[in-house]
Amino acid sequence: MKAVVAFARRCVGNSRQRIGPLTLGRQWTVPFPQEQLLQPGDIIMHRYIKLITVTFMLATCLSSQAATFTVTSPADSGEGSLRWAIEQANASLGSDTIVFALPGAGPYVIQPTSPLPTVADPVVIDGTTQPGFAGTPIIRLDGQSAGESANGVVVTCGGNTVRGLAITRFHLSGIRLEGTTTDQVGNNRILGNYIGVEPDGVTAAGNGVNTLPSYPDPAGILVFHSDGNTIGSGTEANRNVISGNKWGINIQESSLNTVAGNYVGTDASGA
């Protein structure tokens, strides 16, 4: 903050304008009524107002820069947990990143005891950042204890990426991408995950398997009122393995979504 204040002082230090609009550089403008005349002693307050305005704008700009939050604990809550990281990313403006540095040897299991926070601000959740990752997921997000209202990862904004996780045994969907009838937010990417399959690539542990029929029905990946998403691609690294779930991929009332290169209904070898 001291650096921001010093910069603001440099911005306003040369201005002695007493009436009319005050333009600071090419970005910061503080409007003053044309009819307002300042007395000679008012120049001090005038500069003070400009300093506060520039400092606030700079601080706001800096706070919107992307941040990285590191998951260091498999615990359900508390600093360093996945729940904490999503909460921090939601509170941080701009596109953030959640990376992993869980201790010990994998595979790792994160078992929420209640639904995780909805992703409401753009973020990249990247399981491939966990040390020891060698091309397939080694972090398992398991929903067996999360309750009957729980999905694995719920996204209600656009521009997110979920990569390199195994998501298993949630009562509802493994991943739910959802907008509204008036705001079909999308352009999310779901890449390189095992949905309904444990990290061994073979053992089924599906999502939504014990639910009654509903609309929209739970699935490994549910897309509802969400446009322009990408699920998998032509490369092996981006292939999702989606098996053992009530439905593999359920896309409802959405358009322009791309589903490519995934293994659906097989194990990780394609068998």
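The values are calculated or read from the model by the stated rules, or taken from the named source; none is laboratory data. Everything numeric in this text was worked out from a predicted model, so none of it was measured. Glycine also receives a Cβ, built like all others from the backbone with ideal geometry; neighbour counts cover every protein chain displayed. Just so you know, the surface numbers come from the protein's heavy atoms only, side chains and all, with ligands and any DNA or RNA stripped out. Shrake-Rupley method; radii C 1.70, N 1.55, O 1.52, S 1.80 Å.
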Within the set of pairs 6+ apart or on separate chains, which have a first residue in region 227-251 that is over 22 Å from Q184 (Cβ atoms), a second that is of a type in the set (F, W, Y) and surrounded by fewer than 20 Cβ atoms within 10 Å (Cβ to Cβ), and C-beta atoms under 9 Å apart?
-> none
Which of the residues belonging to region 73-93 are more than 10 Å from the chain's Cα centre (by Cα), farther than 21 Å from Q144 by Cβ and open to solvent by less than 10 Å² (accessible area, probe 1.4 Å)?
-> G80
Within region 172-197, which residues are at pLDDT 95 or above and surrounded by fewer than 20 Cβ atoms within 10 Å (Cβ to Cβ)?
-> N187, R189
Could you say whether any residue in region 129-141 is touching a helix residue (DSSP H, G or I) at 6+ places or on another chain (Cβ under 8 Å), modelled with pLDDT of 95 or more, within 19 Å of N210 (Cβ to Cβ) and crowded, with 20+ Cβ neighbours inside 10 Å?
-> yes
Quick check, is D96 farther than 18 Å from T72 by Cα, in contact with a helix residue (DSSP H, G or I) (Cβ under 7 Å, 6 or more places away or on another chain) and open to solvent by less than 40 Å² (accessible area, probe 1.4 Å)?
-> no
Name, by its number, the condition in (1) farther than 22 Å from R140 by Cα; (2) without any contact (Cβ under 8 Å) to a residue 40 or more places away in the chain; (3) not charged (D, E, K, R) that does not hold for N257.
-> (2)
Do we find a residue being β-branched (V, I, T) and open to solvent by less than 20 Å² (accessible area, probe 1.4 Å) anywhere in region 150-158?
-> yes
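Residues of region 233-264 being of a type in the set (G, A, S), closer than 20 Å to G208 by Cα and open to solvent by 40 Å² or more (accessible area, probe 1.4 Å), which ones?
Hit for region 233-264 is G244, nothing else.
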The one condition in (1) within 21 Å of A67 (Cβ to Cβ); (2) under 17 Å from the mean Cα position of the chain (by Cα); (3) surrounded by fewer than 21 Cβ atoms within 10 Å (Cβ to Cβ) that P115 fails to fulfil = (1)
Tally the residues that are part of a loop (DSSP other than H, G, I, E, B), at pLDDT 95 or above and open to solvent by less than 50 Å² (accessible area, probe 1.4 Å), restricting the search to region 200-232.
-> 16
